[in-house]
1. When residues of region A:37-76 are filtered for being farther than 27 Å from A:Thr294 by Cβ, hydrophobic (A, V, I, L, M, F, W, C) and over 13 Å from the mean Cα position of the chain (by Cα), how many remain?
2. Residue pairs, Cβ under 9 Å, 6 or more apart or interchain, first in region B:361-379 and at the interface with chain A (Cβ under 7 Å from one of its Cβ atoms), second surrounded by 18 or more Cβ atoms within 10 Å (Cβ to Cβ) and acidic (Asp, Glu). List them.
3. Search region B:316-347 for residues being in a loop (DSSP other than H, G, I, E, B) and surrounded by 15 or more Cβ atoms within 10 Å (Cβ to Cβ), and hand back the single one that is nearest to the other protein chains (Cβ to nearest Cβ).
4. For residues in region B:27-56 being at pLDDT 90 or above and over 19 Å from B:Gly229 (Cβ atoms), which is surrounded by the fewest Cβ atoms within 10 Å (Cβ to Cβ)?
5. How many of the residues in region A:120-134 are under 18 Å from A:Glu257 (Cα atoms) and in contact (Cβ under 8 Å) with a residue 12 or more places away in the chain?
6. Going by the conditions given, is A:Thr199 facing chain B (nearest Cβ under 10 Å), out of contact with any strand residue (DSSP E or B) (no Cβ under 6 Å at 6 or more places or on another chain) and surrounded by fewer than 20 Cβ atoms within 10 Å (Cβ to Cβ)?
7. So, restricting to helices (runs of 4 or more DSSP H) that lie completely within region B:400-508, which ones have at least 3 residues that are assigned by TED's automatic domain parsing to the domain that holds B:Lys277?
8. Which ones in region B:350-360 are part of a helix (DSSP H, G or I) and facing chain A (nearest Cβ under 9 Å)?
Amino acid sequence: MNQVKQKLKGFMQHKEAWAVIGILIVLLFNVFFSPKFFQISFNNGHLYGSIIDVLNRGSSLVIVSLGMCLVIATRGVDISVGSVSAVGAMVAVFLLKSAGMAAAPAILCGLLAGLACGVWNGFLVAKLNIQPMIATLILMTVGRGIAQIISGGQILTINSKAYAFLGRGYVFGIPFPTIIMILVTLGVWLLTRKTSLGTSIEAVGINETSARYAGISTTQILWIVYIICGLLAALSGMIESANVSSADGNNNGLLLELDAILAVVLGGTSMDGGKFYLAGTVIGALFIQTLTTTIYTFGVPAETIMVVKALVVIFVVLLSTDRVKNAFAKLTERKKAGVENAG
Amino acid sequence: MRETPTVKKGDVVLSMRHIAKYFPGVKALDDVQLDLRAGEVHALMGENGAGKSTLIKVMTGVYERTSGTVTLHGQDINPKTPQEAQDLGISTVYQEVNLCPNLSVAENVYIGRQPMRFGQIDWHRMNADAVKLLESLDIHVDVTKTLDSYSVSVQQMIAIARAVDMSAGVLILDEPTSSLDSNEVAQLFAIIRHLRDQNMAILFVTHFMDQVYAISDRITVLRNGRYIGEYLAKDLPELDLVTKMIGQKFVDANTQAHRPSKDYSTVRFVRMEDISKRGLVHDFSMAVRAGEVLGLAGLLGSGRTEVAELLFGVTHFDDGVIYVGNDEVKRMNPRKALADQLGYCSEDRKVSGIVGDLSIRENIMLSLQAKKGLRRIPLKKQQEVAQKYIDLLDIKTPSMEKKIGDLSGGNQQKVLLARWLATDPKLLILDEPTRGIDINTKREIENLIVKLSRQGMAIIFISSEYEEMVRTCDRIIVLRDRHAVGELTDNQISQDNIMKVIAGGVAQ
């Protein structure tokens, strides 16, 4: 019994704990009210089921959130990711449709567009020392304008099977976006944890002055994280647009930045920068997707979905605040004391 | 303008008696006295941590005093906020101008109390009043221009004008000159004298010795939160003032027992030639050789830390040249300094030293890793290096994975030393490496400095404790008011001589 308690205590000390608990709560809810949620079937060489759906539809959010996580770790924030995802998707779709480009180079160009956006954000933040929120606000508004100028204000639809594969394809029965998500997660992990980049990012986020005095090029580090964030935003935008074979400058990735920030924070990374948690971020993003999918499964009317989502998020965020944590700690201590006194 | 009782020159306007201010665990002020007299400029002197700012904050209602009395024109007062103090007639102008840079000069002077007409601001009258006020202080500016179109010194004067207009009794100037050049200081002093002649009681805080004697009539000295004394400026020689501020005894001033042997090489590793940076350092030159411990002595704000920061490229010099080895460096930055085998343990551990949430190991490895670039030093190697320095410097911690923020100050300092030693520097700059740490660790660090220099490392050592400089340095350059004013070598090195040079005398 005590061992379990010890383990539980150990688990709760992990920053990722609350995102895990969030997912578990929603899954538990499904166990009772929608057991179908856990059914996985294998049809036509494809895996089907709500869980698979979460992993499929959630992958674009996971990808964006990973970039956001690195930015937030430097004490910044990138609120342009939604717009950048729209720009990336628009560039790729436009090149496919109007320039008759093949899918691979078009996707590459979409990524380049994301990279350019990241370079711009990084320039404003790292070189000109503009506050990240303001710096990325520029692209947040201008990005959608750019996307619309490219398409002439239209929603572009295309009929490219190769491009659609990015959002709808399957490899070995696993949805292709899920595979991309796994590869990106692995890539970001390798890049930050198997090089010195991760510690440098954390050092900049914890104490930029100390980092600079220690010889770290803080400008370089900041620039790198905004570039990664831009790249991943564009990739996620293309996955979304490939899924529906169209690009919409106005609505692609709308409010994506908020979901991404939420995923990062739920995953245990503080908005004050510093230590960052990639696994927590992934779980946080999947939690948001699980929640969305669950709500959809229940056929909750569209107009109330936001409210339900908000309530759950408020609940989880509240649970993870220091105040509530301390209150809980006090409560358990008192109980313990009470038991001891009685004994 | 509020009515103030008519005062004659020399009357005590504000009197603080037996002032004590305790913070949890610290006695910031203990039985401190201060008398401000009409028509006098009174300098409040003391080194860092002496309690100058705390005393001002008690006077102006930022802090509540623990005990003691404050009387203004003979009446007990107890302001709870700066606003209340101002209403009583006590105004403060801080080092950083805290006005609104994007409003006009006139708006800044009258903000919060603009003359009104039919429920609207009477711009015409406000501008006219502002001109009249500023002219009376000999400040000639276009009052409709925004404040930031004028230099810091003019902004400073406008802040003073505003303060004076609001309350004519007591004016507190908290380091108003720290970012001004000599011309601007002269202008500011003209205004201060003008106000003094109008029988204001003025309290002036500065780190510059020359300015103290140029402007003040009386001096109160604080040290470690205690009252040392009040003196007439003309009766207190500079050397005595410095001694009172620092409070070190001269008894064993000439002991050089632990001085290293000075058989250092003749190769000058780093040279600074005529380095200037506006408002920080003026025409500073020095060279440091391999195996030599060079001390930079001076009071706070004398330019000693600024020299270190310019050398390491944390700030950039306007004029002059730095040579590292034989290479001329036009623009230094910490990364380049690191690559050139320089190391810099900065003055403020918390602000520019430790990365609090990272572990001891990560903190030790930070600079070496930065030098190596993106390729991560393997964990095993990191642990080896960290363990080596934990043993070498006797860093007391249960584990190298503990957060550095949880260590004591002395151990944090050792970790920072380890960070730089791990990079194998040829020149190590140590700025106040012993501040706020216990006596044993101090000794250990002193011994380490001597040992490292004997192994051929060049060391620049900065400290406010001259005793330890005397023990460890081969040569000491003394700075004062942003200049190098003297150099002590061999048997000239003593606390006595350091203070004499700081006070403007000549070493014997």
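1. Number satisfying all stated conditions: 1.
2. Every condition considered, the pairs that remain are B:Glu362/A:Glu202; B:Gln369/B:Glu362.
3. As a first pass, look at region B:316-347 and keep what is in a loop (DSSP other than H, G, I, E, B): B:316-318, B:325-326, B:330-333, B:340-341, B:346-347.
Applying the additional criterion that residues be surrounded by 15 or more Cβ atoms within 10 Å (Cβ to Cβ) yields B:317, B:332-333, B:340-341, B:346-347.
On the way: B:Phe317: 17, B:Met332: 12, B:Asn333: 8, B:Asp340: 11, B:Gln341: 11, B:Ser346: 5, B:Glu347: 10 Å.
Here the residue is B:Ser346.
4. Looking at the filtered set, the residue picked out is B:Gly39.
5. From region A:120-134, those under 18 Å from A:Glu257 (Cα atoms) are A:120-122, A:125, A:131-134; that's our starting set.
Cutting the leftovers down to in contact (Cβ under 8 Å) with a residue 12 or more places away in the chain gives us A:120-122, A:125, A:132-133.
Residues that pass the stated criteria total 6.
6. Numbers: facing chain B (nearest Cβ under 10 Å): yes; out of contact with any strand residue (DSSP E or B) (no Cβ under 6 Å at 6 or more places or on another chain): yes; surrounded by fewer than 20 Cβ atoms within 10 Å (Cβ to Cβ): no.
So A:Thr199 does not fit the description; no.
7. Numbers: elements: B:409-421, B:439-454, B:466-472, B:495-502.
Passing ranges, in order: B:439-454, B:466-472, B:495-502.
8. So in region B:350-360, the residues part of a helix (DSSP H, G or I) come out as B:350-352, B:360.
Listed by number, the residues that qualify are B:Lys350, B:Val351, B:Ser352.
The values are calculated or read from the model by the stated rules, or taken from the named source; none is laboratory data. Treat the numbers as computed from the prediction; the structure is a model and nothing was measured. Please note: Cβ atoms are built from the backbone with ideal geometry, for glycine as well, and neighbour counts cover all protein chains shown.
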